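Only one structure is covered here, and it is reproduced in the block below.
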Amino acid sequence: MTRVYLKKGRDASLRRFHPWVFSGAVARVDGSPAEGDVVFVYSAEGEPLAAGHWQVGSIAVRVLSFAGDPLLPTFWEEALSAALNARKACGLWKSKKTNCFRLVHGEGDGLPGLIIDWYDGVAVMQAHSVGMFRAKAKICEALQKVFGKELKAVYDKSSGTAPFKAGLELVDGFIWQAPRYKPGPQTVLENGHRFLVDFTEGQKTGFFLDQRENRALVERYAAGKNVLNLFCYTGGFSVYALAGGATHVDSVDSSAKAISLVGKNMELNGFAPESHGEICADAIEYLGRECEDGRYDLIIVDPPAFAKHRGALQNALRAYQRLNAAAISKVAPGGLVFTFSCSQVVDKEAFALAVFSAAAQTGRSVRILDRMCQPCDHAVNIYHPEGEYLKGLLLYVE
Ligand code: SAH
């Protein structure tokens, strides 16, 4: 058992259940843990505080438990059951309308470094830490115990997320399959709409589950509107817009692979080819060059994270301002703009300020009709407010 002792007075954040121990707070380590080993953290006075995965880098330990022992054989089963119970509480389990959700959202579920998305029985996992990558087999076993016959397969997609410097053998693939499971195109149901999820080739785990509720909001506002869905990925918002009665939807994304799935998702939901257009293009260029003023009544702006770390913050804010100014200036009078940021380092105040500056730049009259955030399966651990990352504004442009 490796013990990690903190410097005197550096235990306050752990006592407030913040799940990280920074390397600067560590006084000494009894033993020589390998990256990803479970270590036990003690105050300078020798009081046990937490246990977690040992890491190389500025965060030395990511906490798995404040009171329990992550090495106990029941640990993973209990942790995954707790995660499932939280999804049951928000009505996502065995829902007739939605059979895909995030099952484990890292720190939000007390499991830093682990993401598991559930696609109608197929669990797609991404380890963001060596500890979680090394725990893969145990996590897979626990998934089988917790989900029983509901589990069809477990797919590991950590090659793009696990620390590449750690020398792990990162090969994506199924780590477990039920005897009757046949790998192939996976479709899911979200709020009654059908989507193809390409978890092997697609971005992240295959689908952006975090926009489920915001897509439903677009559906509510879409009737009779000509809609532009920028950064559409596989057309999530587009399907909802047509379901809500939009007259036409154009979907724009710079990824040809993503765009190739938009038409299939439209077809899956029974929408006629003439009701939608798919455009593989840079979103800013499309707004600037191809899109005449007032053509669209409702524009969705959901770009990838512009700032992946603090150092990129100022540039990101400028990029959000530029993009939103373009969208606000182009939307028809009386039109709507659904604008989002998923950069964790851009907080909601900073984002609102960027959008405010964008509006001012256009000189148009803009009202905020609603504020959006991440859904209940991407919950924020109250002791780890850094977990809040998705925010959005619904603008009405006169
Ligand atoms: N709204 C989507 C998720 C968007 S993720 C959904 O609901 O599923 C961000 C998307 O932006 C990705 O699909 C990525 O391919 C695309 N993208 C990144 N840079 C882009 C650019 N410059 N122009 C257009 N699309 C871009």
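Residues of segment 241-271 that are closer than 19 Å to V218 by Cα, of a type outside the set (A, V, I, L, M, F, W, C) and within 14 Å of the ligand (Cβ to nearest atom): D250, S251, D253, N265. Being more than 22 Å from the chain's Cα centre (by Cα) and either in contact (Cβ under 8 Å) with a residue 12 or more places away in the chain or within 15 Å of the ligand (Cβ to nearest atom) (or both) is a description that applies to L168.
Scan segment 307-316 for residues that are assigned to a loop (DSSP other than H, G, I, E, B), open to solvent by 40 Å² or more (accessible area, probe 1.4 Å) and within 15 Å of the ligand (Cβ to nearest atom) and jot them down. Residue satisfying the conditions is K308 alone. A count restricted to segment 272-306 and to residues that are away from the ligand (no atom under 12 Å from the Cβ) and either surrounded by fewer than 19 Cβ atoms within 10 Å (Cβ to Cβ) or assigned to a helix (DSSP H, G or I) (or both) stands at 11.
Based on this model, can you work out whether V124 counts as in the same structural domain as C140 (by TED's automatic domain parsing), buried (at least 23 other Cβ atoms within 10 Å of the Cβ) and closer than 24 Å to K182 by Cα?
Numbers: in the same structural domain as C140 (by TED's automatic domain parsing): yes; buried (at least 23 other Cβ atoms within 10 Å of the Cβ): yes; closer than 24 Å to K182 by Cα: yes.
Answer is yes for this residue.
Per-residue answers, yes or no, for (1) modelled with pLDDT of 95 or more; (2) closer than 19 Å to V227 by Cα:
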| residue | (1), (2) |
| --- | --- |
| A243 | yes, yes |
| H248 | yes, yes |
| I259 | yes, yes |
| A281 | yes, yes |
| E290 | no, yes |
| R322 | yes, no |
| C342 | yes, no |
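Every residue in segment 344-398 that is aromatic (F, W, Y) and within 23 Å of I116 (Cα to Cα), please. Y383, Y389, listed by residue number. Checking each residue in segment 194-211 for being under 11 Å from the mean Cα position of the chain (by Cα) and outside any loop (DSSP other than H, G, I, E, B) picks out L209, D210, Q211. Looking for something within 27 Å of I382 (Cβ to Cβ) and not assigned by TED's automatic domain parsing to the domain that holds I59 - is there at least one such residue anywhere in segment 163-186? Checked against the condition, which is being within 27 Å of I382 (Cβ to Cβ) and not assigned by TED's automatic domain parsing to the domain that holds I59, segment 163-186 yields no hits at all.
The values are calculated or read from the model by the stated rules, or taken from the named source; none is laboratory data. This one's a predicted model, so the numbers in the text were calculated from it and none came from an experiment. We place every Cβ from the backbone using ideal geometry, glycine too, and count neighbours over all the protein chains shown. Note: areas computed on protein heavy atoms with side chains; ligands, DNA, RNA excluded. Shrake-Rupley method; radii C 1.70, N 1.55, O 1.52, S 1.80 Å.
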